[in-house]
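The values are calculated or read from the model by the stated rules, or taken from the named source; none is laboratory data. Keep in mind the model is a prediction, meaning the values are calculated, not measured. Counting neighbours? That spans all protein chains shown, and the Cβs are built from the backbone with ideal geometry, glycine included. When the accessible area is computed, the model is the full protein with side chains, heavy atoms only, and any ligands, DNA or RNA have been set aside. Shrake-Rupley method; radii C 1.70, N 1.55, O 1.52, S 1.80 Å.
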Amino acid sequence: MSGTEKSKAHAEQAKGKAKETVGRAVGNERMTAEGQTEQAKGDARQAKEVIKDTFRH
């Protein structure tokens with residue numbers, strides 16, 4: 001997995017988790033949904049890189 005792509009995936013996941021947690025704490029449904037979306041994007045990016053690595057070896 002590319003180092004930069006891996007770090008981007010982890011950063012997106014962490015940012016999304018933080019946003020979701022804050023959204024839940026303050027009762028902001030939109031922020032919670034945005035956090036979940038960012039986490040999903042990070043998960044997808046990570047999955048894409050794992051698949052690329054699998055076919056590369």
The chain - charge dipole about Cα centre, Lys and Arg +1 at Cβ, Asp and Glu -1, debye rounded to 20: 120 debye
Gain on full stretching of the segment that runs from Ala44 to Val22 - 0.36 nm per residue minus C-alpha separation: 5.7 nm
Per-residue ³J(HN,Hα) for segment 45-51, Karplus 6.51 cos²θ - 1.76 cosθ + 1.60, θ = phi - 60°, Hz, x for Gly and Pro: 4, 5, 4, 4, 5, 5, 5
Cα→Cβ-extended label distance, 7 Å offset, between Ala33 and Asp53, nm: 3.4 nm
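How much net charge surrounds Glu49 when only other residues with a Cβ under 9 Å from its Cβ are counted (Lys, Arg +1; Asp, Glu -1)?
Numbers: positive: Lys6, Arg45, Lys48, Lys52; negative: Glu5, Asp53.
Its environment carries a net charge of +2.
Return one whole number: the accessible area per residue of the chain in Å², for a 1.4 Å probe. Show your work: numbers first, answer last.
Working: 4040 Å² over 57 residues.
Per-residue value: 71 Å².
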Cut-off under 5 Å, modelled amide H: who pairs with Asn28 long-range: none
Folded to 0 to 90 degrees: helix 3-26 orientation relative to the chain principal axis, Cα: 10 degrees
